[in-house]
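The values are calculated or read from the model by the stated rules, or taken from the named source; none is laboratory data. It should be emphasised that the depicted structure is a prediction, and the values quoted were computed from it without experimental measurement. Glycine gets a Cβ as well: all are built from the backbone with ideal geometry, and neighbour counts include every protein chain shown. Only protein heavy atoms, including side chains, enter the accessible area calculation; ligands, DNA and RNA are left aside. Shrake-Rupley method; radii C 1.70, N 1.55, O 1.52, S 1.80 Å.
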Amino acid sequence: MNTFKKAAGFGRTWGTGRWLGNILYNIKASKAWDQKLFYYQFLPAIPSVAATYLGLLLPARLVQGLEEGWEIQRLLACIFVIYMGMCLLKMADKGMGEYLYRNYPTLIMYYEKLCYGKVMRLDYRMLEEPETAGLVANTWNVLRSEFGFRNSLCATPQILSSLAGIGWYGILIARKNYGILLLTLANTLLNTLLMSWLRKKQEKLHKKVGAYSKKTAYINRMSMDRQAGKDIRIYRMTDWFLQKYDRALGKMDSIYRQIHDGAFLRAAGEALAAFLVNGFSYFYLISLLVKGEMSASGFVLYMGLVGSLSGYFAQLMGQLLVLNPVSVSVGYIRQFLALPESMDWSEQGLGAEKLAELKREGIRVDFQQVSYTYPGGEEPVLHQINLTIAPGEKLALIGLNGAGKTTLVKLLCGFYRPDRGRIFINGIPASDFAREEYFELISVLFQDSTLLPMTLDFNLTGKGAEAIDRKRLTWALKVSGFWEKYQSLPQKGQSLLVREVSGSVDFSGGEKQKLLFARALYKEAPLMILDEPTAALDPIAENEMYLKFDEAARGRTCLYISHRLSSTRFCDRILLMEQGQVMEEGTHEELMARKGRYRELFEMQSRYYREQEEQKRRNAFME
């Protein structure tokens with residue numbers, strides 16, 4: 001069983017206990033976020049039921065006054081007092097209800113905050129597990145559905161009002177006839193069974209919606225993505241995207257139609273049962289009035305009580321039904337928030353003193369018989385890797401696409417754990433570190449790194465202006481080659497990044513590469529990993545980076561990943577990977593002397609680059 005199932009109980013049936021637990025969880029969440037949202041779900045029940053009762057009492061007292069010949073002043077005073085009380089109670093009920101209705105979006109934002117924080121704290125490998133990915137898709141889907149959460153807040157006071165009204169009115173009616181109350185309870189039982197059937201049906205169908213919701217979310221994201229927009233237009237993918245979107249919407253529409261059909265059947269059954277119960281109740285009350293066993297005012301009051309009792313039962317069933325999708329939504333959120341954030345890291349860690357000692361010593365990395373297979377994969381991507389990187393060593397990792405380089409880097413970064421074998425840092429198992437301790441030791445320039453819509457300085461350092469070490473930042477900018485660009489900006493480090501932000505600056509691919517290199521250098525981690533750091537650089541800029549690499553790597557253990565074999569010659573040692581295994585290792589000279597696979601690939605690339613240069617010279621001559 002995988003991590004997700006162990007941690008979250010994936011696939012568990014949401015029974016009545018779980019349904020009630022989800023609703024109570026939602027109520028507690030409202031208290032944690034806003035005290036008024038919590039209390040206003042309970043308090044309206046009192047004025048609501050009292051106002052309704054006064055509304056029934058008013059015509060009954062009017063008829064009673066006329067029957068008994070009350071003086072006009074007494075009759076008007078009675079009506080005025082009842083009416084004013086009813087108005088004040090309704091005002092209180094309405095005021096609290098409006099607060100719930102207007103402020104429900106803040107509860108959604110509270111859940112979003114919890115979920116955003118959670119997803120950023122989860123171990124990276126968990127995000128790539130299929131079950132976790134499915135749960136994340138369902139969670140984002142329900143967070144986008146504001147209607148469900150609005151109903152969750154408004155339904156609670158109505159449910160409590162219904163229960164209070166049923167109890168109060170039930171006692172009054174039972175004093176006249178237990179049969180009416182028993183029939184009403186039987187009607188309620190029938191509705192409960194119908195609702196339980198519908199809830200189970202909705203839960204199954206909502207799980208199916210998640211898969212199609214994930215597809216539509218992907219299409220939404222890609223359609224607005226600036227990078228994807230170029231390919232979509234050049235390769236005419238618009239119709240394909242729209243067809244996929246329409247197909248997913250069609251599937252979702254079919255599922256929602258099944259949900260609505262079930263709701264219609266339940267409503268039809270409820271209406272028929274209510275008709276029979278109310279018919280009997282009214283017939284009984286009319287017979288009492290005809291026989292003279294009930295006064296006209298009593299008849300008016302009890303007719304209202306029977307109608308209101310049926311109304312409260314209907315309201316109760318309706319609001320409980322409203323809470324079905326809310327329970328499913330909250331259930332997904334609870335499952336997601338219940339996921340363990342870290343599965344294989346030490347809670348205690350090594351401590352600050354030991355961590356500082358490791359930084360002073362320099363980092364030694366050992367892979368011992370490490371193998372890894374991706375979830376759902378049949379063949380291992382890495383197979384029995386044995387590798388040692390000495391403190392201060394510059395190691396180049398090369399290989400064709402699919403060789404396993406990226407997977408090895410993710411294992412070294414602590415994003416994955418080996419299926420077999422172990423990874424050691426200075427002789428200490430990686431699992432003995434606390435997660436934040438381990439990450440503190442590593443600085444990475446990823447090939448697909450992300451810039452945030454924040455200031456340039458924040459993107460470089462992850463700190464506010466007052467906490468930045470300016471001397472270290474200047475050094476990182478100069479070594480990375482980004483210093484001149486940084487100085488040319490009118491607002492320098494306070495410039496906002498990302499083109500979508502008003503007044504921001506944007507950089508070329510090569511400039512971004514230098515910026516990201518500067519970020520990796522600023523961290524001053526003792527283990528630095530560079531994944532294709534020169535991929536977006538022209539040959540001149542690439543050569544400049546190589547010349548400065550010794551300074552950048554001084555005192556650090558470095559792992560350098562590249563497809564360009566010529567760019568690895570400055571490293572102390574080169575590892576060639578193929579099919580998840582280390583095929584050759586040594587210096588450039590040693591590997592060339594062996595006349596093996598490395599030499600074959602090197603000469604192939606060299607010939608290709610020579611042909612490119614020759615073609616450029618011919619083109620220049622022709623011009």
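Observations on the structure shown:
- In the stretch 582-595, the residues that are over 15 Å from Phe570 (Cβ atoms) and among the β-branched types (Val, Ile, Thr) reach residues that are open to solvent by less than 90 Å² (accessible area, probe 1.4 Å) and assigned to a strand (DSSP E or B) with C-beta atoms within less than 7 angstrom, at least six apart or across chains, in these pairs: Val582/Ile385; Val582/Leu387; Val582/Leu575.
Table: residues versus (1) in contact (Cβ under 8 Å) with a residue 40 or more places away in the chain; (2) under 18 Å from Ser161 (Cα atoms); (3) more than 56 Å from the chain's Cα centre (by Cα); (4) part of a helix (DSSP H, G or I).
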residue: Val63; (1), (2), (3), (4): yes, no, yes, yes
residue: Ile79; (1), (2), (3), (4): no, no, no, yes
residue: Ile82; (1), (2), (3), (4): no, no, no, yes
residue: Lys94; (1), (2), (3), (4): no, yes, no, yes
residue: Arg102; (1), (2), (3), (4): no, no, no, yes
residue: Thr106; (1), (2), (3), (4): yes, no, no, yes
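- Taken together, the residues in the stretch 162-186 that are without any contact (Cβ under 8 Å) to a residue 60 or more places away in the chain and part of a loop (DSSP other than H, G, I, E, B) amount to 1.
- Every residue from the stretch 546-586 that is at pLDDT 90 or above and assigned to a loop (DSSP other than H, G, I, E, B): none
- Lone qualifier among Arg150, Arg125 - being of a type in the set (Lys, Arg), assigned to a helix (DSSP H, G or I) and modelled with pLDDT under 75: Arg150
For (1) crowded, with 20+ Cβ neighbours inside 10 Å; (2) of a type in the set (S, T, N, Q); (3) modelled with pLDDT under 90; (4) touching a Cys at 6+ places or on another chain (Cβ under 7 Å), each residue gets a yes or a no:
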residue: Tyr39; (1), (2), (3), (4): no, no, no, no
residue: Leu43; (1), (2), (3), (4): no, no, no, no
residue: Pro47; (1), (2), (3), (4): yes, no, no, no
residue: Tyr53; (1), (2), (3), (4): yes, no, yes, no
residue: Pro59; (1), (2), (3), (4): no, no, yes, no
residue: Leu62; (1), (2), (3), (4): no, no, yes, no
residue: Gly65; (1), (2), (3), (4): no, no, yes, yes
residue: Glu68; (1), (2), (3), (4): no, no, yes, no
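- In the stretch 284-305, the residues that are within 16 Å of Ile180 (Cα to Cα) reach residues that are assigned to a helix (DSSP H, G or I) and of a type in the set (Gly, Ala, Ser) with C-beta atoms within less than 7 angstrom, at least six apart or across chains, in these pairs: Leu301/Ala60.
- Checking Ser480, Ser449 one by one, the residue that is closer than 24 Å to Gln227 by Cα, at pLDDT below 90 and among the hydroxyl-bearing types (Ser, Thr, Tyr) is Ser449 and no other.
- Any hit, the stretch 27-37, residues being polar (S, T, N, Q), within 27 Å of the chain's Cα centre (by Cα) and at pLDDT 85 or above: yes
- Meets criteria (surrounded by fewer than 17 Cβ atoms within 10 Å (Cβ to Cβ), without any contact (Cβ under 8 Å) to a residue 40 or more places away in the chain, farther than 26 Å from Arg121 by Cα and acidic (Asp, Glu)) for Asp506: yes
- Within the stretch 362-378, the set of residues being out of contact with any His (no Cβ under 6 Å at 6 or more places or on another chain), touching a residue at least 24 places away in the same chain (Cβ under 8 Å) and not hydrophobic (A, V, I, L, M, F, W, C) comprises Gly362, Arg364, Asp366, Gln368, Gln369, Tyr372, Thr373, Tyr374, Pro375, Gly376.
- Restricting attention to the stretch 470-489 and to residues that are open to solvent by 20 Å² or more (accessible area, probe 1.4 Å) and touching a residue at least 40 places away in the same chain (Cβ under 8 Å), the residue that is farthest from Phe507 (Cα to Cα) turns out to be Arg472.
- Count of the stretch 187-234 residues which are aliphatic (A, V, I, L, M), free of Cβ contacts under 8 Å to residues at least 60 places away in the same chain and within 30 Å of Leu276 (Cα to Cα): 2
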